[in-house]
Amino acid sequence: MNKKPIILGIETSCDETAASIVTENEQGIPVILSNIISSQFELHKKFGGVVPELAARAHIDKIDWIVREAISKSGLKTEEIDAVASTAGPGLIVCLSIGLSFGKSFASTMNIPFIAVNHLEGHALSPRLQENLDYPYLLLLISGGHSQYLSVKQIGDYERLGTTIDDALGEAFDKTAKLLGIEFPGGPQIEVLAEKGDPNKYELPKPIFYKGGCNLSFAGLKTAILKVSKNIKNEQDKFDIAASFQKTIEDILYKKTKNAFIQFEKINKSKNKVFVVAGGVAANKKIRSMLINLCNQNDYKPIFPPINLCGDNAAMIALVGLEKFKIKKFNDLDYPAKPRWSLDENASFLKGAGVKY
Ligand code: KG4
Ligand code: ZN
């Protein structure tokens with residue numbers, strides 16, 4: 001029986017300090033031995049968003065403990081770890097540097113390989129921590145930092161079909177919440193308020209809605225919400241704004257996901273119609289049920305990984321590390337942090353919009 005690789009994953013790209021130990025079973029299916037996450041919601045909530053320097057200091061304070069905890073919960077000894085994988089980008093440079101330096105020092109001290117991981121590759125492969133998925137599949141990643149449609153063709157082979165040209169979707173939820181006087185991160189609260197509101201009360205803009213393809217844009221919505229929020233007179237007005245905002249997002253995602261299905265089928269000529277939705281906004285029940293209905297109408301199998309695996313976590317980073325370890329794709333200890341790092345090298349300029357991403 002071959003010894004299976006044991007990988008320590010470390011994630012500090014934004015406001016989660018996370019470490020995880022992942023291996024695989026005899027059938028080659030990934031197994032999570034531990035998955036520790038410490039969120040910084042409390043730290044940033046009074047500022048209405050993540051403050052990079054505060055986030056970095058919290059990573060410094062916690063990283064050592066989080067890694068020890070991940071090793072201890074795995075039931076293994078430190079010497080049994082075969083490689084360390086750290087997120088190297090994209091993300092906040094001051095935050096990335098903490099997990100990256102820690103991972104490099106750990107690898108150097110233990111004399112084991114170091115692997116630099118693209119955070120987006122972690123999200124792209126994360127559903128494979130839960131079930132054995134065939135390639136290719138279509139991924140919609142909607143989080144506080146990213147909004148994109150990706151065709152996941154193989155490990156290491158990704159094609160970005162669409163991306164936001166301005167704000168991420170979670171960011172749009174949080175900015176709307178802030179205008180309604182809700183603390184960061186306000187996305188989950190918007191969902192609660194929307195339940196009591198009239199989704200047709202306000203007609204809000206749907207930027208680039210009628211453009212083909214599946215690029216997204218949410219910045220114009222914030223300006224519109226700013227305008228209507230000046231006339232808030234009572235709680236019901238807030239409920240109506242939240243409901244109208246959420247309905248507008250549903251309409252945008254409905255149209256753009258339909259376009260993404262067409263693009264995905266065109267490039268993959270595939271009968272494997274699988275649609276994975278990851279990232280914090282995937283927790284929104286209205287968005288979820290709209291996307292599930294859309295999948296049913298178009299013969300797609302919808303997959304929503306559990307929230308601890310589709311939000312930021314280190315198990316997905318360790319998983320990418322595991323795959324790279326198996327093909328001996330290691331990195332040098334001078335590997336830099338990359339605050340901007342597209343998964344699809346051919347998509348580094350957004351066609352037509354002139355936006356570097
Ligand atoms: O993927 P995630 O957990 O972390 C990062 O982006 O790093 O996503 C967090 C984002 C936040 O913007 C939060 O407001 C949003 O996901 N979010 C939601 C909901 N739950 C979390 N947005 C809308 N509805 C929700 N139920
Ligand atoms: Zn993420």
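A few points about this structure:
- Scanning the stretch 47-61 for residues that are over 18 Å from Ser101 (Cβ atoms), free of Cβ contacts under 8 Å to residues at least 24 places away in the same chain and in a helix (DSSP H, G or I) yields one hit, Leu54.
- Some residue of the stretch 120-142 being under 28 Å from Ala283 (Cβ atoms), surrounded by 24 or more Cβ atoms within 10 Å (Cβ to Cβ) and more than 16 Å from ligand 2 (Cβ to nearest atom): yes
- Hits in the stretch 292-315 - residues which are within 14 Å of ligand 2 (Cβ to nearest atom), exposed (fewer than 15 other Cβ atoms within 10 Å of the Cβ) and under 21 Å from Gln246 (Cβ atoms): Ile307
- Between Ile249, Ile232, the distinction of being more than 23 Å from the chain's Cα centre (by Cα) and surrounded by 14 or more Cβ atoms within 10 Å (Cβ to Cβ) belongs to Ile232 only.
- Single residue of Val152, Val117 found to be more than 15 Å from ligand 1 (Cβ to nearest atom) and assigned by TED's automatic domain parsing to the domain that holds Asp167: Val152
- Residue within the stretch 62-82 that is among the β-branched types (Val, Ile, Thr), surrounded by fewer than 17 Cβ atoms within 10 Å (Cβ to Cβ) and part of a helix (DSSP H, G or I) present: yes
- Any hit, the stretch 173-194, residues being modelled with pLDDT of 95 or more, more than 14 Å from the chain's Cα centre (by Cα), surrounded by 18 or more Cβ atoms within 10 Å (Cβ to Cβ) and within 16 Å of ligand 2 (Cβ to nearest atom): yes
- Selection over the stretch 97-117 of residues that are within 20 Å of the chain's Cα centre (by Cα) and either surrounded by fewer than 22 Cβ atoms within 10 Å (Cβ to Cβ) or not in a strand (DSSP E or B) (or both) gives a count of 4.
- Every listed requirement among (1) in contact (Cβ under 8 Å) with a residue 60 or more places away in the chain; (2) within 16 Å of ligand 1 (Cβ to nearest atom) is met by Ile6 save one, (2).
- Applying the condition of being buried (at least 19 other Cβ atoms within 10 Å of the Cβ) and of a type in the set (A, V, I, L, M) to the stretch 40-55 and asking which residue is nearest to Leu322 (Cα to Cα) yields Ala55.
- Scanning the stretch 266-291 for residues that are loosely packed, with under 15 Cβ neighbours inside 10 Å and free of Cβ contacts under 8 Å to residues at least 60 places away in the same chain turns up Lys266, Lys269, Lys271, Ser289.
- Subset of the stretch 212-234 that is of a type in the set (Lys, Arg) and in a helix (DSSP H, G or I) - its residue that is farthest from Asn259 (Cα to Cα): Lys227
The values are calculated or read from the model by the stated rules, or taken from the named source; none is laboratory data. Predicted model only: the values in this text are computed from it and were never measured. Cβ: placed from backbone, ideal geometry, glycine included. Neighbour counts: every protein chain shown.
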